[in-house]
Amino acid sequence: MKATRDDMVNTFEEWNKETLLEELVERADDYVPEARDLLHEELHKRGISEAEIEQRTAQYHRQLEAVDLRHHDLVVAETFGDRLTAQAAQNILRDGGIESYIQGNDGLFFGPGLLRFGPDPITIKVAEVNAAKAKEILDAFEPPEVE
């Protein structure tokens, strides 16, 4: 069943502001233009200006540039079923002095034409030189329980 524009509007209305910003800034390429426009519209309805969106986007890109990880040097440290658990693990790695990169999309699948692909496993990648230390840290990691 193909999702309608109204389905997307209803879904975005249910998301909090932070989730909407994150989706637009960090995963905009996962959405087709119509869905990105709907994300923008919902943020504007909530009083978020284009300047704030641009500022958040610039901040995100600065964070990516600050991480000294070259893609071809990365190895998978762990695979998770959802982004929230992966982000918790990423924070633990960062506390241990290891920068990492999260890859994958656990986003909702809204049918043909709205998202380019369905949910994928979420992986955390680290520089190959940090793989052993990352494994040690992640082996001790206990994901938060989701209710």
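Laboratory data are not the source of any read-out in this text; all were calculated from the coordinates shown. Treat the numbers as computed from the prediction; the structure is a model and nothing was measured. Neighbour counts run over all protein chains shown; Cβ positions are idealised from the backbone, glycine included.
Sorting check: for 53-60, 85-92, which peptide has the highest mean count of neighbouring beta carbons within 10 Å, and how do the rest follow?
Highest mean packing first, the order is 85-92, 53-60.
Find the eigenvalues of the gyration tensor of the Cα atoms of segment 1-66, then list the square roots of 5 times those eigenvalues as equivalent ellipsoid semi-axes, largest first, in whole angstrom.
So the equivalent ellipsoid measures 22, 14, 9 Å along its semi-axes.
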